[in-house]
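Right, one structure below, let's go through it.
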Amino acid sequence: MLLGLPVSVILLDCIAAAAALVYAPFLVVALARLQLGYDQAAPRAMFERLPAYAQRATWAHQNSFETFMLFSAAALMAFVTGVDSEPAGWAAIAFTIARLLFSVFYILNIPLGRSLMFAISSSCTVSLFYFSLMAVNG
């Protein structure tokens with residue numbers, strides 16, 4: 001039990017939260033598009049006209065898709081293999097928090113913070129794969 005919840009619940013909750021965080025930066029992009037006057041005929045052509053913060057939000061959104069795929073595979077692998085350790089639960093929580101901060105730092109143009117959050121979230125994903133492999137391979 002971690003924070004009063006089984007690790008299995010934390011893993012699944014963090015997958016759901018991470019899925020939602022994929023779209024959080026896009027809300028910033030949508031707001032900027034509305035301010036510019038959304039061009040239904042050529043929505044991708046608007047990218048060059050977006051303010052710099054909205055362009056960075058687009059990149060954060062795209063990066064979130066890339067990292068979500070690996071994290072969800074790692075967390076599901078931990079779930080399926082029955083990993084029930086506090087470090088695994090903390091890795092899932094840390095991933096989710098780091099990805100939230102990654103997007104914030106990206107949009108606010110704080111490269112060092114963004115890079116640090118990327119490194120933390122990546123290490124959390126690797127940790128979950130490791131815990132799963134150790135669970136099945138002894």
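Tabulated data
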{"quantity": "Flag if Ala52 is more than 19 Å from Glu66 (Cα to Cα) and at pLDDT 90 or above", "calculated": "yes"}
{"quantity": "Residues that are open to solvent by less than 40 Å² (accessible area, probe 1.4 Å) and either under 27 Å from Gly4 (Cα atoms) or in contact with a strand residue (DSSP E or B) (Cβ under 7 Å, 6 or more places away or on another chain) (or both), drawn from region 64-84", "calculated": "Phe71, Ser72, Ala74, Ala75, Ala78, Val83"}
{"quantity": "Output for region 1-16, where each listed residue is in a helix (DSSP H, G or I), open to solvent by 40 Å² or more (accessible area, probe 1.4 Å) and not charged (D, E, K, R)", "calculated": "Ser8, Val9, Leu12, Ala16"}
{"quantity": "Close pairs from region 55-78: first among the hydroxyl-bearing types (Ser, Thr, Tyr), partner open to solvent by less than 80 Å² (accessible area, probe 1.4 Å) and at pLDDT below 95, Cβ under 6 Å, at least 6 apart", "calculated": "Thr58/Val29"}
{"quantity": "Some residue of region 74-83 being closer than 19 Å to Ile120 by Cβ and in contact with a Ser or Thr (Cβ under 8 Å, 6 or more places away or on another chain)", "calculated": "yes"}
{"quantity": "Residue match in region 69-84 (condition: of a type in the set (S, T, N, Q) and not in a helix (DSSP H, G or I))", "calculated": "yes"}
{"quantity": "Matching residues in region 29-63 - criterion: being hydrophobic (A, V, I, L, M, F, W, C) and open to solvent by 40 Å² or more (accessible area, probe 1.4 Å)", "calculated": "Leu31, Leu34, Leu36, Ala41, Ala45, Phe47, Ala52, Trp59"}
{"quantity": "First in region 95-109 and farther than 20 Å from Met69 by Cβ, second anywhere and of a type in the set (D, E, K, R) and surrounded by fewer than 24 Cβ atoms within 10 Å (Cβ to Cβ), Cβ under 8 Å, 6 or more apart", "calculated": "Phe105/Arg114; Ile107/Arg56; Asn109/Arg56"}
{"quantity": "Qualifying residue in region 119-130 (condition: at pLDDT 95 or above, within 22 Å of Phe26 (Cα to Cα) and open to solvent by 80 Å² or more (accessible area, probe 1.4 Å))", "calculated": "no"}
{"quantity": "Any hit, region 89-102, residues being open to solvent by less than 80 Å² (accessible area, probe 1.4 Å), closer than 28 Å to Leu2 by Cα, part of a loop (DSSP other than H, G, I, E, B) and at pLDDT 95 or above", "calculated": "no"}
{"quantity": "Given (1) over 19 Å from Ala19 (Cα atoms); (2) over 15 Å from the mean Cα position of the chain (by Cα), number of the condition Ser115 does not satisfy", "calculated": "(2)"}
{"quantity": "Among (1) outside any helix (DSSP H, G or I); (2) under 30 Å from Met134 (Cβ atoms) - the single one Ala41 does not satisfy", "calculated": "(2)"}
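The values are calculated or read from the model by the stated rules, or taken from the named source; none is laboratory data. What you see is a predicted model, and the numbers here were worked out from it, not measured in a lab. All Cβ positions, even for glycine, are placed from backbone atoms using ideal geometry, and neighbour counts span all protein chains on display. Heads up: the accessible areas ignore ligands, DNA and RNA and are worked out on the full protein's heavy atoms, side chains in. Shrake-Rupley method; radii C 1.70, N 1.55, O 1.52, S 1.80 Å.
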